[in-house]
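Contents: one structure, followed by commentary.
The values are calculated or read from the model by the stated rules, or taken from the named source; none is laboratory data. Quantities reported herein were computed from a predicted structural model and do not represent experimental measurements. Cβ placement follows ideal geometry from the backbone for every residue including glycine, while neighbour counts extend to all protein chains displayed. The area values use the complete protein model at the heavy-atom level, side chains included, leaving out ligands, DNA and RNA. Shrake-Rupley method; radii C 1.70, N 1.55, O 1.52, S 1.80 Å.
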Amino acid sequence: MSQIFCDENNSCKIDFSTAEWATDSLHDIFHQAKLSILCDVDFIAETKQEILFVEYKNANLPQAVHPEAFKPLDDRKLNTVARKYFDSLQFLQSMRHPMHKVKRYIYILECINGDIVLRKRVRTLLTARLPFLLQKQVDMPEKMIDSVQVLSIEEWNLAYPDFPLKVR
């Protein structure tokens with residue numbers, strides 16, 4: 001089965017062929033079950049050491065309608081991006097997917113004025129919405145999350161060269 005995926009707008013292609021396992025089907029699974037309350041990340045990939053939860057947002061495409069309307073620092077937007085991680089993690093756990101690996105949430109973000117300063121601010125605000133503090137406060141047998149990154153496409157391709165992402 002192919003592990004080369006396109007985003008929902010068919011604007012990018014990401015190649016997880018070298019991953020042990022990968023999927024882009026959580027959205028379809030949730031939709032077929034009529035669970036519109038659940039949110040999902042765009043892609044999940046598993047390697048020998050880690051599970052990557054990948055959310056992709058590109059408001060910088062030439063065909064983007066009203067890219068100026070996308071507000072990555074908006075509280076509701078950040079809450080939704082955080083929920084995507086929680087719901088995707090819970091689904092994998094429910095499927096008894098091996099969760100003993102390092103769990104990384106990567107938000108690939110391209111937008112107007114989307115420089116490194118904006119991405120750092122988004123990461124800080126997103127980190128506060130994810131269970132980093134909770135897992136410090138409660139004795140958990142396993143971490144819920146190990147790291148969060150907010151990267152440009154170029155930064156993704158440098159950090160994860162085995163999983164190239166190309167804009168179509």
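A few remarks follow.
- Taking 7 Å steps out from each Cα toward its Cβ at Ser17 and Gln90 produces label points 3.7 nm apart.
- Take the Cβ atoms of Thr127 and Ala159, set R0 to 25 Å, and the FRET efficiency comes out at 0.90.
- Rounded, prolate or oblate (a/c below 1.5 giving rounded, otherwise prolate when a/b exceeds b/c) for the range 92-168 by Cα gyration tensor: oblate
- Calculated FRET value between Arg168 and Ile29, using beta carbons and R₀ = 22 Å, to 0.05: 0.35
- Centroid-to-centroid, using Cα positions, the range 128-168 and the range 1-50 are 15 Å apart.
- Helix-only [θ]222 nm of the chain, DSSP H runs n ≥ 4, -39500 (n - 2.57) each, per residue, nearest 500: -9000 deg cm²/dmol
- Surface listing: Met144, Met99 arranged by accessible area from highest to lowest gives Met144, Met99, probe 1.4 Å.
- Shown for the chain is the translational diffusion coefficient from the Stokes-Einstein equation, using the Kirkwood radius over Cα pairs, a temperature of 20 °C and a viscosity of 1.002 mPa s: 130 µm²/s.
- Accessible-area composition of the range 3-144, carbon plus sulfur, in percent [1.4 Å probe]: 52 percent
- In this structure, the pairs whose alpha-carbon distance is over 28 Å, taken from Lys84/Lys143; Lys34/Lys101; Lys71/Lys143; Lys84/Lys166; Lys13/Lys136, are Lys34/Lys101; Lys71/Lys143; Lys13/Lys136.
- Cα gyration tensor shape for the range 129-168, rounded if a/c is under 1.5, else prolate or oblate: prolate
- Taking amide H atoms as placed 1.01 Å from N in the peptide plane, the amide H of Trp21 lies under 5 Å from those of Glu46, each 5 or more residues away in sequence or on another chain.
- From most to least packed by mean Cβ count within 10 Å, the peptides 86-92, 26-32 give 86-92, 26-32.
- Gyration tensor (alpha-carbon) shape descriptor, the range 1-51, a/c threshold 1.5: oblate
- The modelled label-to-label distance between Val117 and Val65, using points 7 Å beyond Cα along the C-beta direction, is 3.2 nm.
- Fraction of beta bridges assigned by DSSP in the chain that are antiparallel (%, nearest 5): 50 percent
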